[in-house]
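Asker: This is the structure, below, for whatever I ask next.
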Amino acid sequence: MTKTALITGATSGIGHATAYEFAKHGINLILCGRRLERLHTIKKALDRLTNVHILNFDVRNKTRVFEAIESLPDAFKTIDILINNAGNAHGLDPIQTGSIDDWDAMMDINVKGLLYVSKAVIPQMTARQSGHIINIGSSAGKEVYPKGNVYCGSKHAVLAITEGMRIDLNPFGIKVGSINPGLVETEFSQVRFKGDDIANSVYKGYKALQADDIAEIIYFAISRPAHVNIADMLVFPTAQANNTTLKKEL
Ligand code: NDP
Ligand code: 8X3
């Protein structure tokens with residue numbers, strides 16, 4: 001039977017690549033993000049491969065999250081797969097000089113936004129006793145690095161919430177897992193450094209992971225047999241050994 005996946009943060013990077021990967025395999029898509037123009041463009045491109053519905057909301061706005069998911073037409077109401085991907089780093093500063101606005105953004109989007117979307121989707125999965133949730137964490141959720149403080153905290157929270165979800169949803173037969181990438185070349189650094197020049201240097205001198213690499217892994221996770229759950233995967237580019245060891249060519 002054709003499955004339906006809801007992907008948050010589908011307007012760029014990993015979420016965007018995952019939408020294309022899933023569409024190639026005929027999975028029906030609910031694509032979410034704040035940039036409506038991009039959602040329309042992506043829908044137009046993928047309509048020839050699968051059925052696509054777009055939802056335009058900010059994951060921080062809990063009223064809108066629930067309204068949007070409530071508004072799904074019948075053909076998209078049954079969500080088999082939830083990819084909690086929306087998120088970003090904001091800033092890279094020592095804790096003593098970090099910006100409270102950046103901290104709020106990371107905790108509100110990466111942690112609370114993920115919870116709101118999950119809260120809106122999980123009841124239908126428990127009622128059906130089936131479903132698959134993949135949370136996009138990060139290597140930053142496993143190992144703290146200098147100036148990473150709050151971003152790492154938000155991703156450690158994602159990992160803890162993923163483990164908690166897996167325990168609580170275990171009686172319902174719902175799969176829960178996290179995919180935790182290291183450096184992936186997306187708009188992530190443009191957002192983190194607010195368009196500053198430094199963003200352009202983040203992926204220079206080595207081959208970073210590409211969004212497609214992670215999308216293929218996400219598809220692998222959701223296409224395993226019913227008895228197999230990829231619970232937790234850490235993925236680095238070959239040039240990266242951990243969050244502080246990166247082999248760059250000069
Ligand atoms: P991008 O910046 O390319 O994509 C981020 C996506 O999140 C966009 O589609 C954006 O859509 C969406 N988003 C951001 N804020 C909000 C919000 N408030 N409400 C709704 N959607 C939002 O980055 P990536 O693809 O790299 O990041 C995706 C995930 O992967 C994030 O959770 C990130 O932490 C994680 N990750 C990234 C790594 C990397 O090195 N790039 C490594 C490890 C993990 P829009 O702006 O349209 O709302
Ligand atoms: C994104 C990777 O190294 O910028 O989660 O934290 S990193």
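Asker: Roughly speaking, what is the stretch gain from Glu163 to Arg64, that is 0.36 nm per residue apart minus the C-alpha to C-alpha distance, in nm to one decimal?
Answerer: Working it through step by step, the gained length comes to 33.0 nm.
Asker: For the Cα atoms of the chain, what angle does the longest principal axis make with the long axis of helix 13-24, in degrees from 0 to 90, nearest 10?
Answerer: Approximately 30 degrees, to the nearest ten.
Asker: Additional query: Please compare each pair in Lys155/Lys207; Lys175/Lys247; Lys44/Lys112 to a cut-off of 25 Å on the Cα-Cα distance and tell me which ones are over it. Working shown, then result.
Answerer: Values: Lys155/Lys207 23 Å; Lys175/Lys247 36 Å; Lys44/Lys112 30 Å.
Over 25 Å apart, Cα to Cα: Lys175/Lys247; Lys44/Lys112.
Asker: So between Thr2 and Thr78, what do we pick up on full extension, going 0.36 nm a residue minus the alpha carbon distance? Don't jump to the answer; show the numbers that get you there.
Answerer: On the way: separation 76, 0.36 × 76 = 27.36 nm, distance 1.08 nm.
Contour length minus Cα-Cα distance gives 26.3 nm.
Asker: Between Arg48 and Ala127, what FRET efficiency follows from the Cβ-Cβ distance if R0 is 30 Å, with the result rounded to 0.05?
Answerer: Details: r = 33 Å, r/R0 = 1.10.
It comes to 0.35.
Asker: Could I ask something else about it? Residue by residue through segment 104-117, what is 3J(HN,Hα) from phi via Karplus (6.51 cos²θ - 1.76 cosθ + 1.60, θ = phi - 60°)? Round to whole Hz and write x for glycine and proline.
Answerer: Karplus values, whole Hz, x for Gly and Pro: 4, 4, 5, 6, 5, 8, 5, 9, 5, x, 4, 5, 4, 4.
Asker: If I take all pairs of Cα atoms in segment 38-182, what percentage of them are more than 21 Å from each other?
Answerer: Numbers: 5166 of 10440 pairs.
Considering segment 38-182, 49 percent of its Cα-Cα pairs are separated by more than 21 Å.
Asker: May I pose another question? Rounded to two decimals, what is the ratio between the C-alpha radius of gyration of segment 117-167 and 2.2 N^0.38 Å? Write down the numbers at each step before the final one.
Answerer: Numbers: Rg = 13.4 Å, N = 51, 2.2 N^0.38 = 9.8 Å.
Normalised Rg, Cα atoms only: 1.37.
Asker: Something else: Taking the Cα of Asp93, stepping 7 Å toward and past its beta carbon, and measuring to each backbone N in segment 131-151: which are under 18 Å?
Answerer: Output list for this probe position: 145-151.
Asker: If you roll a 1.4 Å probe over segment 145-243 with all protein chains in place, what percent of the accessible area is carbon or sulfur? Working shown, then result.
Answerer: Working: 2640 of 4680 Å².
Reported share for carbon and sulfur atoms: 57 percent.
Asker: A further question on this structure: With all protein chains present, calculate the accessible area of Glu249 using a 1.4 Å probe and round the result to the nearest 10 Å².
Answerer: Approximately 120 Å² for this residue.
Asker: Given a Förster distance of 22 angstrom, what is the FRET efficiency for Lys247 paired with Asp212, based on the Cβ-Cβ distance and rounded to 0.05? Can you show the working numbers first?
Answerer: Values: r = 22 Å, r/R0 = 1.00.
Calculated transfer efficiency: 0.50.
Asker: May I pose another question? Rounded to the nearest 20 Debye, what is the dipole magnitude of the chain about its Cα centre when Lys and Arg each give +1 and Asp and Glu each give -1 at the C-beta? Don't skip to the end; give the middle numbers.
Answerer: Details: 27 positive and 25 negative charges, 75 e Å.
It works out to roughly 360 debye.
Asker: OK, next. Applying a 10 Å radius around every beta-carbon, put 149-158, 70-79, 42-51 in order of their mean neighbour count, most first. If you can, show how the numbers build up before the last one.
Answerer: Working: 149-158: 22.6, 70-79: 13.0, 42-51: 15.4.
Going by the mean number of other Cβ atoms within 10 Å, highest first, we get 149-158, 42-51, 70-79.
Asker: Can you work out the accessible area per residue across segment 98-233, with the rest of the protein chains kept in place, probe 1.4 Å, in square angstrom? Walk me through the numbers before you get to the answer.
Answerer: Numbers: 6000 Å² over 136 residues.
Per residue, segment 98-233 has 44 Å² of solvent-accessible surface.
Asker: Pull up all non-local amide H partners of Leu55: gap of 5 or more, or a different chain, and H-to-H distance under 5 Å with H placed in the peptide plane.
Answerer: The answer is Leu31, Cys32, Gly33.
Asker: Can you grab the distance from the C-alpha centre of segment 29-48 to the C-alpha centre of segment 169-220, Å, no decimals?
Answerer: Cα centroid to Cα centroid, the span is 20 Å.
Asker: For segment 37-95, give the magnitude of the charge dipole about the Cα centre (Cβ charges: +1 Lys/Arg, -1 Asp/Glu; no others), in debye to the nearest 20.
Answerer: On the way: 8 positive and 8 negative charges, 28 e Å.
That gives segment 37-95 a dipole magnitude of about 140 debye.
Asker: Determine, for each peptide in 236-242, 215-221, the mean count of other beta carbons within 10 angstrom over its residues, then list the peptides with the highest first. Let's see the in-between values first.
Answerer: Details: 236-242: 15.7, 215-221: 19.4.
By packing density, highest mean first, the sequence is 215-221, 236-242.
The values are calculated or read from the model by the stated rules, or taken from the named source; none is laboratory data. All values reported here derive from a predicted model rather than from experimental measurement. Here Cβ is always computed from backbone atoms with ideal geometry, including for glycine, and neighbour counts include all displayed protein chains. Note: areas computed on protein heavy atoms with side chains; ligands, DNA, RNA excluded. Shrake-Rupley method; radii C 1.70, N 1.55, O 1.52, S 1.80 Å.
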